[in-house]
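The values are calculated or read from the model by the stated rules, or taken from the named source; none is laboratory data. Since this is a predicted model, take the numbers as computed values, not measurements. Cβ sites come from the backbone with ideal geometry, for glycine too, and all protein chains shown count toward neighbours. Heavy atoms of the whole protein, side chains included, go into the accessibility calculation; ligands, DNA and RNA do not. Shrake-Rupley method; radii C 1.70, N 1.55, O 1.52, S 1.80 Å.
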Amino acid sequence: MVRSTRRKFLSGGVAAAGAALLPAPVLAQATARIVVLGGGFAGAACARALRRVDPRFQVTLVEPNPIFTACPFSNAVIAGLRSIEAQRFGYDAIRKEGITVALEQATAVDTQARRVTLGGGKALDYDRLVLAPGIAIRWNALPGYDEAAAAVMPHAWLAGDQTLLLRRQLEAMPDGGTVVISAPANPFRCPPGPYERASLIAYYLKKTKPRSKLIVLDAKDSFSKQRLFEAAWRQLYPELIEWVSLSNGGRVVSVDVKTRTLVTDFDSYKADVANVIPPQRAAEIAQLADVADGTGWCPIDPVTFESRLQPNIHIIGDAAIAGAMPKSAFAANAQAKVCADAVAALLRGDAPSPPKLINTCYSLVAPDYGISIAGVYHPAGGQLADVEGAGGVSPIDAPADFRALEAAYAEAWFRTITAQTFG
Ligand SMILES: Cc1cc2nc3c(=O)[nH]c(=O)nc-3n(C[C@H](O)[C@H](O)[C@H](O)COP(=O)(O)OP(=O)(O)OC[C@H]3O[C@@H](n4cnc5c(N)ncnc54)[C@H](O)[C@@H]3O)c2cc1C
């Protein structure tokens, strides 16, 4: 059970935020205790980077699950192209680097005492805390969509059981059935993810249930890599995928679990398989630590990733408000390394240098058809902003061998990032 300390530390939080304006006391690095909450793409990478920056740091990684199940490539699991085992990673290599791995859930953060409470009742004191807890679903933000509804209309936006549930439902659906995906408004985890999912499900349907249909109901009028996705859909899945934009009544305003119906501003859609990707926010512990603002996400300093609301706490990965950077595993990994350097500099009493960060998001439209978007980001105007003229998307008119190459790059990226993070 997660226990709230919000009330208890609310006034302290305000005072502490003021204290953040003062220079932090310099600590002897050898004694620095750094706690990292969340052993996903951001947290695990940060814990490792911290030990590499200074092997004397006492780094504790707190994560409740002994095995991490990765979201990137989970759409391929849903489409039957990959096994869930290929998504699973343990923490042995991280332990071997001298990092203490506490397999527990963090249940409270006392920002004044600089102490994290764990589910088992133990407490960890910290000099610097890195929060990397990822996302939580905003249950009931979409009327009718609660935890019980997710057992019937899976979101599959946290990989694991939900991924497998959606896969089983697609397998059980008869040919000629209708799959409906609802995509949320920004911001949310993995902006191209719903459209990659639509593509790979369409690939599965075309092969095994060709009379079926897939409808994407969208709360937006545009989406990541849209021109590339739409061109690929026309080429590979004509008549199979229908995308309904916000302006055309695509925003889902409620769901009815009993009839598997998604209700939009203009219409209602009865699905054989409904994949509801609901609105999200930073995971619960970010709310409890009072580092999330009214948006549900965590404002940060773009140079150090330190919270704008609480001193000595850094937020990385999907939970952070990272300006123009998307919520991706690639971005989480880049932020982890920059944050580790900044934490080390702050502990030395040095000024961290303004970083440049890179992101690339690959998507598979079919197993041998990849597309990508890349960006470079730097602190500007108090946010992480695009570096003008850097980055871009795959060419719209690339030949098939180029698309096949990008699909291979996508797989290579996943192998590399998971090996760097968990291997
Ligand atoms: C379908 C799909 C496809 C995707 N494809 C891609 C892709 O191709 N490329 C890409 O770059 N990104 C992709 N992403 C996005 C990527 O998965 C996320 O951006 C990434 O996982 C964010 O990393 P994170 O560390 O912030 O969160 P996570 O990886 O979710 O890790 C958070 C960790 O924190 C732990 N945690 C939470 N609360 C607590 C607590 N109280 N105490 C201790 N631990 C806690 C959780 O158990 C979890 O292990 C995809 C996402 C989805 C849903």
Exercise for review: Tell me, yes or no, whether segment 227-239 has at least one residue that is outside any helix (DSSP H, G or I) and small (Gly, Ala, Ser).
Suggested key: no
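Yes or no, residue by residue, for (1) touching a residue at least 60 places away in the same chain (Cβ under 8 Å); (2) away from the ligand (no atom under 11 Å from the Cβ):
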{"residue": "TYR126", "(1), (2)": "yes, yes"}
{"residue": "THR163", "(1), (2)": "yes, no"}
{"residue": "GLN169", "(1), (2)": "yes, yes"}
{"residue": "ASP175", "(1), (2)": "no, yes"}
{"residue": "ASN186", "(1), (2)": "no, yes"}
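Looking at GLY294, GLY250, which one is small (Gly, Ala, Ser), within 20 Å of ASN140 (Cα to Cα) and without any contact (Cβ under 8 Å) to a residue 12 or more places away in the chain? Break it down into steps so the answer makes sense when it comes.
Working: GLY250 fails: without any contact (Cβ under 8 Å) to a residue 12 or more places away in the chain.
Of GLY294, GLY250, the one residue that is small (Gly, Ala, Ser), within 20 Å of ASN140 (Cα to Cα) and without any contact (Cβ under 8 Å) to a residue 12 or more places away in the chain is GLY294.
Tell me the residue from VAL53, VAL62 that is open to solvent by 40 Å² or more (accessible area, probe 1.4 Å), under 26 Å from ASP341 (Cβ atoms) and touching a residue at least 60 places away in the same chain (Cβ under 8 Å), please.
Numbers: VAL62 fails: open to solvent by 40 Å² or more (accessible area, probe 1.4 Å).
Selected residue: VAL53, the only one of VAL53, VAL62 that is open to solvent by 40 Å² or more (accessible area, probe 1.4 Å), under 26 Å from ASP341 (Cβ atoms) and touching a residue at least 60 places away in the same chain (Cβ under 8 Å).
Quick one: which residue in ALA366, ALA390, ALA331 is open to solvent by less than 20 Å² (accessible area, probe 1.4 Å), farther than 30 Å from LEU205 by Cβ and either within 15 Å of the ligand (Cβ to nearest atom) or not β-branched (Val, Ile, Thr) (or both)? Even if it seems obvious, please write down each step before you answer.
On the way: ALA366 fails: farther than 30 Å from LEU205 by Cβ; ALA390 fails: open to solvent by less than 20 Å² (accessible area, probe 1.4 Å).
Unique residue meeting the criteria: ALA331.
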Practice item. State which residue is surrounded by the most Cβ atoms within 10 Å (Cβ to Cβ) when the search covers only segment 65-103 and only residues that are over 21 Å from LEU37 (Cβ atoms) and among the β-branched types (Val, Ile, Thr). Key: ILE78
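When the residues of segment 350-363 are filtered to those that are without any contact (Cβ under 8 Å) to a residue 60 or more places away in the chain and within 16 Å of the ligand (Cβ to nearest atom), which remaining residue is nearest to ALA404 (Cα to Cα)? Outline the logic, then answer.
Start the filter on segment 350-363 by keeping residues that are without any contact (Cβ under 8 Å) to a residue 60 or more places away in the chain, which leaves 350-360, 362.
Cutting the leftovers down to within 16 Å of the ligand (Cβ to nearest atom) gives us 357-360, 362.
Details: LEU357: 27, ILE358: 23, ASN359: 21, THR360: 17, TYR362: 12 Å.
Looking at residues that are without any contact (Cβ under 8 Å) to a residue 60 or more places away in the chain and within 16 Å of the ligand (Cβ to nearest atom), I get TYR362.
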Exercise for review: Quickly run through segment 211-232 and pick out the residues that are touching a residue at least 60 places away in the same chain (Cβ under 8 Å) and either open to solvent by 30 Å² or more (accessible area, probe 1.4 Å) or farther than 20 Å from LEU166 by Cβ (or both).
Suggested key: SER224, LYS225, ARG227, LEU228, ALA231, ALA232
Review point. Residues VAL130, VAL101, VAL116: which one is within 14 Å of the ligand (Cβ to nearest atom), closer than 30 Å to GLY349 by Cβ and touching a Phe, Trp or Tyr at 6+ places or on another chain (Cβ under 6 Å)?
Key: VAL101
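Within segment 369-382, which residues are in contact with a Gly (Cβ under 8 Å, 6 or more places away or on another chain) and either open to solvent by less than 20 Å² (accessible area, probe 1.4 Å) or closer than 18 Å to PRO72 by Cβ (or both)?
First, pick out the residues of segment 369-382 that are in contact with a Gly (Cβ under 8 Å, 6 or more places away or on another chain): 373-377.
Correct list: ILE373, ALA374, GLY375, TYR377.
So, of the residues in segment 261-291 that are assigned to a strand (DSSP E or B) and without any contact (Cβ under 8 Å) to a residue 60 or more places away in the chain, which turns out to be most open to solvent (accessible area, probe 1.4 Å)?
As a first pass, look at segment 261-291 and keep what is assigned to a strand (DSSP E or B): 261-264, 268-270, 273-276, 280-282.
Filter again for without any contact (Cβ under 8 Å) to a residue 60 or more places away in the chain, leaving 261, 263-264, 268.
Values: THR261: 20, VAL263: 46, THR264: 8, SER268: 68 Å².
If we take residues in segment 261-291 being assigned to a strand (DSSP E or B) and without any contact (Cβ under 8 Å) to a residue 60 or more places away in the chain, then SER268 is most open to solvent (accessible area, probe 1.4 Å).
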Review point. Do we find that ALA345 is more than 14 Å from the ligand (Cβ to nearest atom), open to solvent by less than 10 Å² (accessible area, probe 1.4 Å) and farther than 30 Å from LEU118 by Cα in this structure?
Key: no
